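Presented below is the structure to which this report refers.
The values are calculated or read from the model by the stated rules, or taken from the named source; none is laboratory data. This is a predicted model, so every value here is computed, not measured. Neighbour counts are summed over all protein chains in view; Cβ atoms, including those assigned to glycine, are modelled from backbone coordinates with ideal geometry. Only protein heavy atoms, including side chains, enter the accessible area calculation; ligands, DNA and RNA are left aside. Shrake-Rupley method; radii C 1.70, N 1.55, O 1.52, S 1.80 Å.
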2 protein chains.
Amino acid sequence: MHEALTIGQLSARSGVAPSALRYYERLGLIRSERTGGNQRRYARTELRRVAFIRISQQVGVSLEEIREALDSLPSSRTPTPDDWAALSRSWRDRLDEKIRLLGKLRDDLDGCIGCGCLSLQRCTLYNPDDSLAAEGPGARLMLPRPDPDPAPA
Amino acid sequence: MHEALTIGQLSARSGVAPSALRYYERLGLIRSERTGGNQRRYARTELRRVAFIRISQQVGVSLEEIREALDSLPSSRTPTPDDWAALSRSWRDRLDEKIRLLGKLRDDLDGCIGCGCLSLQRCTLYNPDDSLAAEGPGARLMLPRPDPDPAPA
DNA sequence: CTCGGAGTTGAAGCGCACTTCAACTCAAGG
DNA sequence: CCTTGAGTTGAAGTGCGCTTCAACTCCGAG
């Protein structure tokens, strides 16, 4: 059958480097069978998983969260289009929120360009309550120090 | 004069950790004078720089690019509101583009949820030409392998 | 003068998402 | 059989944006 893909084939078809695919597999995002000679063979459904992974990354979701999402797929049967649609929908909100925050940032930036302020205290731009931050990787704790110890008692 | 801020004061006012401020200074994003005892003293204008840095990060700009932008500020005179406005405007386009790409991703995601495809070949979602990727840090080469050697000659 | 909190440095570590490397095996063609 | 290209592994490296640490100094109040 034309079912099984080698890692090279999966890489070519998905545009994801073999090293990345092995990395995803170690993290449990995709799965493979092994041949007698210990080589990976991927079912075609893994292509869809890889696609979902890359799309999710564009939405700004970490691999760990993507793994959790993928874990919620039915393991017994092959996921249906509906299953995938449900997963995609779960990112919709995040995407919407992300777009909303960026839009707000843009409007605020326009406002601040108008007034030329860029002053930290009042400017809505510098309001940690909207945690748009903590989005890209890197050591965490982007803006979260809004609370420099409010005196215990 | 009430001009000079210690690193602790700048940290408290900007919400940025002292370690991060020292890091920014090493990268040349902010500047300080030194006291006789080798301690940093920041002019109040540095507050504005720090604000600009954090805002720029939210737009998705790297520290290196922020440094370049800040380098374009007039070094002789204290930057005016107009100077800052010009810098902010330079991020506007990036922000717009980012929002546009995310919006496209959302629309495509809706489309793909509708058809349930998520198939790599045709799906507009997985089109490397729109390089929304390469945005967060991490080892590079996000989607760029669209060209698996088109036969030389 | 003494004390403690704030500051200084360079070096190392961290988290994420990978890539690169060395050393090896596997699989198919000539 | 031999070669070549594709695959295997674990360990280490990379880039970004920091934080943490150890060991030290500075500075102001008591």
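Can you tell me how many residues in segment A:8-28 are more than 12 Å from DNA strand C (Cβ to nearest atom), hydrophobic (A, V, I, L, M, F, W, C) and open to solvent by 20 Å² or more (accessible area, probe 1.4 Å)?
Total satisfying the criteria: 1.
Looking at B:Tyr42, is it closer than 30 Å to A:Arg100 by Cβ and away from chain A (no Cβ under 11 Å)?
So B:Tyr42 fails the test.
More than 9 Å from chain A (Cβ to nearest Cβ) and either assigned to a helix (DSSP H, G or I) or modelled with pLDDT of 75 or more (or both): does that describe B:Leu125?
When the stated conditions are applied, B:Leu125 does not pass them.
Keeping to segment B:73-86, report how many residues are surrounded by fewer than 13 Cβ atoms within 10 Å (Cβ to Cβ) and not in a loop (DSSP other than H, G, I, E, B).
The qualifying residues number 1.
Within segment A:56-72, track down each residue that is within 16 Å of DNA strand D (Cβ to nearest atom) and either more than 10 Å from chain B (Cβ to nearest Cβ) or open to solvent by 30 Å² or more (accessible area, probe 1.4 Å) (or both).
A:Gln57, A:Ser62, A:Leu63, A:Glu64
Please work out which residue is farthest from A:Pro79 (Cα to Cα), limiting yourself to segment A:29-39 and to residues that are in contact (Cβ under 8 Å) with a residue 12 or more places away in the chain and open to solvent by 60 Å² or more (accessible area, probe 1.4 Å).
A:Gln39
Out of curiosity, is B:Ser76 more than 10 Å from every other protein chain (Cβ to nearest Cβ), in contact (Cβ under 8 Å) with a residue 12 or more places away in the chain and over 20 Å from B:Leu5 (Cα atoms)?
Spelling it out, it is not the case that B:Ser76 is more than 10 Å from every other protein chain (Cβ to nearest Cβ), in contact (Cβ under 8 Å) with a residue 12 or more places away in the chain and over 20 Å from B:Leu5 (Cα atoms).
Examine segment A:97-120 for a residue that is at pLDDT below 55 and either under 29 Å from B:Ser11 (Cβ atoms) or more than 9 Å from chain B (Cβ to nearest Cβ) (or both), and state whether such a residue exists.
Yes; the residues of segment A:97-120 include at least one that is at pLDDT below 55 and either under 29 Å from B:Ser11 (Cβ atoms) or more than 9 Å from chain B (Cβ to nearest Cβ) (or both).
Does B:Arg34 satisfy being among the basic types (Lys, Arg), in contact with a Ser or Thr (Cβ under 9 Å, 6 or more places away or on another chain) and either more than 14 Å from chain A (Cβ to nearest Cβ) or near DNA strand D (Cβ under 9 Å from one of its atoms) (or both)?
Spelling it out, it is not the case that B:Arg34 is among the basic types (Lys, Arg), in contact with a Ser or Thr (Cβ under 9 Å, 6 or more places away or on another chain) and either more than 14 Å from chain A (Cβ to nearest Cβ) or near DNA strand D (Cβ under 9 Å from one of its atoms) (or both).
In this structure, is A:Leu47 aliphatic (A, V, I, L, M), open to solvent by less than 70 Å² (accessible area, probe 1.4 Å) and touching a helix residue (DSSP H, G or I) at 6+ places or on another chain (Cβ under 8 Å)?
yes
For segment A:29-46, state whether one or more residues are touching a strand residue (DSSP E or B) at 6+ places or on another chain (Cβ under 9 Å), part of a helix (DSSP H, G or I) and aliphatic (A, V, I, L, M).
Within segment A:29-46, none of the residues are touching a strand residue (DSSP E or B) at 6+ places or on another chain (Cβ under 9 Å), part of a helix (DSSP H, G or I) and aliphatic (A, V, I, L, M).
For segment B:87-110, which residues satisfy the criterion of being over 28 Å from A:Val61 (Cα atoms) and open to solvent by less than 50 Å² (accessible area, probe 1.4 Å)?
Across segment B:87-110, the qualifying residue is only B:Leu87.
For segment B:29-57, give me each residue that is hydroxyl-bearing (Ser, Thr, Tyr) and away from DNA strand C (no atom under 14 Å from the Cβ).
B:Thr45, B:Ser56
Consider B:Gly8 against the criteria (1) away from DNA strand D (no atom under 11 Å from the Cβ); (2) of a type in the set (Gly, Ala, Ser); (3) within 24 Å of B:Glu68 (Cβ to Cβ): it satisfies all of them except one. Which criterion is unmet?
Against the list (1) away from DNA strand D (no atom under 11 Å from the Cβ); (2) of a type in the set (Gly, Ala, Ser); (3) within 24 Å of B:Glu68 (Cβ to Cβ), B:Gly8 comes up short only on (3).
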